[in-house]
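Take a look at the structure below.
The values are calculated or read from the model by the stated rules, or taken from the named source; none is laboratory data. Everything numeric here is computed off the predicted structure, so don't read it as measured data. Here the Cβ positions follow ideal geometry from the backbone for every residue, glycine too, while neighbour counts run over all protein chains shown.
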Amino acid sequence: MRISVFGTGYVGAVSSGCLAGLGHSIVGVDVSAEKVAMLNRGLSPIVEAEIGELIASAAASGALRATTDVDAAVADTEMSLISVGTPSAADGSVSMAAVDSVSAAIGAAIGRKAGPHAVVMRSTVPPGTAEERVVPILQAASGRNLGDGLAYYSNPEFLREGSAVRDFHAPPYTLIGAPDGDDAPLLRALYAPIPGAVHVVPYRIAESVKYLSNAYHAVKLAFANEAGAILAEYGVDAPAAFRLFCEDRVLNISPAYLRPGFAFGGSCLPKDVRSFLALAERRAVAAPLLGHVLAGNAAIIDRAFHAIAKHGRQTVALFGLAFKPGTDDLRESPFVLLAERLIGKGYDLRIFDRSVKLATLLGSNRDYIAREIPHLERLMADNPAAALSGARVVVVGHIGAEDRAALLAGLTDQIVIDLAGIAALRAQPGITYQGFCW
Ligand SMILES: NC(=O)c1ccc[n+]([C@@H]2O[C@H](COP(=O)([O-])OP(=O)(O)OC[C@H]3O[C@@H](n4cnc5c(N)ncnc54)[C@H](O)[C@@H]3O)[C@@H](O)[C@H]2O)c1
């Protein structure tokens with residue numbers, strides 16, 4: 001394939017060298033005449049294992065050349081990869097200046113060539129960039145519509161500096177954001193020699209996954225460093241503790257707890273975060289990440305409250321009171337905190353949770369709920385229909401499989417706020433459905 005690579009920095013140089021190594025014909029394009037000259041002399045513009053040899057041999061064989069001439073590069077190739085920088089702006093947002101200018105230049109060049117052309121975004125860009133920014137720029141500059149001699153894909157790069165060539169050849173998967181109905185055959189063919197699954201998804205998902213990945217990697221690092229510092233103050237060999245921590249592939253290094261939705265609670269997580277923080281404070285170890293965890297969780301409860309409150313002070317039915325389904329443990333349940341807030345603000349509230357039988361609650365669980373919601377028995381409904389009776393707003397925290405049919409049967413035209421992500425609720429006709437993060 002004939003491919004132009006716009007931006008020959010870390011990502012662009014690695015893509016150029018590796019794609020040339022796979023047998024493609026590459027034209028590197030950069031605004032830096034110095035980088036272009038280096039590439040044309042077979043020299044890598046970056047320091048990175050293996051890339052010097054790849055670029056030297058690609059330049060020597062003629063598989064790689066570089067230019068500052070956008071028109072010539074677009075005219076000579078079928079596809080343009082964009083790997084220009086997206087640095088932080090002064091206010092912390094991402095600067096899209098290079099993306100905007102390179103998109104306009106490529107678009108204008110496409111307008112001046114006869115054949116079809118595909119543009120592929122490899123730079124890290126915020127969700128919405130394809131639909132709200134780059135596709136409109138490309139369409140306006142080229143005078144073509146998407147699908148009509150113009151294709152655009154989002155294809156985030158996952159390489160890490162230091163092991164970039166290895167990462168290029170062994171990515172976690174290949175992620176392609178594409179418009180509806182386009183299975184990205186050109187990119188599938190390009191990546192055919194690369195192992196791993198190929199996921200063709202909507203643009204916004206592809207763009208988001210890159211952001212999620214980097215934010216999560218940063219959170220993991222900050223957590224390990226912060227927790228390690230606390231443990232070290234108590235004479236713990238933190239790396240040894242972390243090695244065992246990572247050996248738990250069921251709860252720790254796994255998809256567990258990575259489903260976005262409502263707040264966490266229960267008798268362990270909030271208590272043990274507080275306790276870990278108290279250990280940090282006692283030895284004066286700064287722990288700002290852990291210090292914000294419970295505030296972040298409270299903000300999720302706030303968000304649910306505001307989602308309800310924006311509909312006015314209506315009668316509310318709440319499904320789910322214990323901190324998760326199938327238990328009667330009410331201690332620090334986020335649903336108890338939400339209910340408490342609604343009651344405090346004067347909402348008429350009915351609650352259904354099959355597992356919570358007030359008469360049988362014992363010990364600290366009973367003490368907790370007696371303290372938080374003293375007259376809870378008056379609010380509890382025996383079945384879904386009783387909870388729904390007269391309610392305009394229905395909040396579904398969780399509901400067991402055995403009660404779902406009754407809940408759905410009682411829904412007619414209510415406002416339903418789904419904190420659990422239940423597909424059948426979303427599909428329910430007549431109601432005003434409000435998802436929480438879906
Ligand atoms: N560096 C990494 O490890 C890595 C990994 C994955 C993704 N990314 C993302 O890839 C993108 C590029 O990162 P990088 O580290 O390679 O950046 P970089 O700064 O090393 O390279 C960007 C290049 O783009 C060139 N450029 C700027 N405007 C241009 C234009 N209009 N036309 C042609 N070239 C132009 C610059 O001169 C520079 O050579 C960023 O969005 C980054 O977040 C980086």
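Give the stretch 184-236 a look and list any residue that's part of a loop (DSSP other than H, G, I, E, B) and surrounded by 11 or more Cβ atoms within 10 Å (Cβ to Cβ), or say none.
Of everything in the stretch 184-236, those that are part of a loop (DSSP other than H, G, I, E, B) and surrounded by 11 or more Cβ atoms within 10 Å (Cβ to Cβ) turn out to be Ala184, Tyr191, Ile194, Gly196, Tyr234, Val236.
Which pairs have Cβ atoms under 9 Å, sit 6 or more apart or on different chains, and link a residue in the stretch 41-63 that is farther than 18 Å from Phe168 by Cα to one that is assigned to a loop (DSSP other than H, G, I, E, B) and of a type in the set (Lys, Arg)?
Ala59/Arg41
Being touching a Cys at 6+ places or on another chain (Cβ under 8 Å) and either outside any loop (DSSP other than H, G, I, E, B) or within 16 Å of the ligand (Cβ to nearest atom) (or both), is that true of even one residue in the stretch 148-167?
yes
Does any residue of the stretch 310-333 turn out to be assigned to a helix (DSSP H, G or I), touching a residue at least 24 places away in the same chain (Cβ under 8 Å) and crowded, with 21+ Cβ neighbours inside 10 Å?
no
Go through (1) surrounded by fewer than 16 Cβ atoms within 10 Å (Cβ to Cβ); (2) within 16 Å of the ligand (Cβ to nearest atom); (3) over 21 Å from the mean Cα position of the chain (by Cα) for Pro172 and report which single condition fails.
Pro172 satisfies every listed condition except (3).
Which of (1) outside any helix (DSSP H, G or I); (2) free of Cβ contacts under 8 Å to residues at least 40 places away in the same chain is the odd one out, the single condition Asn297 does not satisfy?
The number of the failed condition is (1).
As an exercise: evaluate Arg303 against (1) surrounded by fewer than 16 Cβ atoms within 10 Å (Cβ to Cβ); (2) not assigned by TED's automatic domain parsing to the domain that holds Asp329 and give the number of the one condition it does not meet.
For Arg303, the exception is condition (2).
Kindly list the number of the only condition in (1) more than 14 Å from Gly320 (Cα to Cα); (2) surrounded by 13 or more Cβ atoms within 10 Å (Cβ to Cβ); (3) of a type in the set (A, V, I, L, M, F, W, C); (4) touching a residue at least 60 places away in the same chain (Cβ under 8 Å) that fails for Cys437.
(2)
With the requirement that a residue be of a type in the set (Gly, Ala, Ser) and under 23 Å from the mean Cα position of the chain (by Cα), what does the stretch 291-312 give you?
Of everything in the stretch 291-312, those that are of a type in the set (Gly, Ala, Ser) and under 23 Å from the mean Cα position of the chain (by Cα) turn out to be Gly291, Ala295, Gly296, Ala298, Ala299, Ala304, Ala307.
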